[in-house]
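Beneath this line is the structure, given in structure tokens, with notes to follow.
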Amino acid sequence: MADVIFRCSSCSKSLVVDQSAIGATCACNSCGRRVAVPMPVIEFTCPFCEAELMCPDKMGKELFQCPNCETGVPVPHLVKIEFD
């Protein structure tokens, strides 16, 4: 199973949960507030340890620490393609 990476809506701290928690709420490790685990849109693999990762699209282009190998990893971003 992949890890879901997202930010606390209260303090903006990065949080990581197992994908089985999507749609549930969890307590932020930093501020203690309950946070809803968002539906991830971006799925990718850590280029250093090959961990499967997921995150919401608003985190595209951000740099975060891989929860598996603790290496700084940039989140890929989605590109909107318009057809005529």
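A short reminder: the numbers here are calculations on the coordinates, not readings from a lab. What you see is a predicted model; the values in this text were computed from it and never measured. When we count neighbours, we look across all protein chains shown, and the Cβ atoms used for this are built from the backbone with ideal geometry, even at glycine.
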Fill in the blank from the handout: Karplus-derived 3J(HN,Hα) from phi for the range 49-57 (6.51 cos²θ - 1.76 cosθ + 1.60, θ = phi - 60°), whole Hz, x at Gly and Pro, runs 10, 6, 5, 7, 10, 9, 7, x, 5
Practice task
Find, among the GluC sites (Glu not before Pro) in the chain, those assigned to loop by DSSP (not H, G, I, E, B) with at most 16 other beta-carbon atoms within 10 angstrom.
Solution key: E50, E62, E70, E82
Fill in the blank from the handout: Within the set L63, L53, L15, GNM on the chain using Cα springs under 10 Å gives the largest fluctuation to L63
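Hand me the chymotrypsin sites (Phe, Trp or Tyr not before Pro) from the range 1-59 located in a DSSP loop with no more than 16 other Cβ atoms within 10 Å, in residue order please.
On the way: sites: F6, F44, F48; in loops: F48.
Hits after loop and neighbour filter: F48.
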Practice task
May I ask you to evaluate 6.51 cos²θ - 1.76 cosθ + 1.60, the Karplus curve with θ = phi - 60°, for each residue of the range 25-42 and list the ³J(HN,Hα) values in order in whole Hz, giving x for glycine and proline?
Solution key: 10, 9, 8, 5, 5, 8, 9, x, 6, 7, 10, 6, 7, x, 6, x, 10, 9
Problem - R0 of 25 Å, Cβ-Cβ distance Q65-R34: FRET efficiency to nearest 0.05 - result: 0.60
Exercise for the section: At 0.36 nm per residue, minus the direct Cα-Cα distance, what do E82 and S14 gain on full extension? Give it in nm, one decimal, please. Expected result: 21.3 nm
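Fewest Cβ neighbours within 10 Å first, please rank R33, R7 accordingly. Mind dumping the intermediate values first?
Working: R33 13, R7 19.
With the fewest neighbours first, R33, R7 line up as R33, R7.
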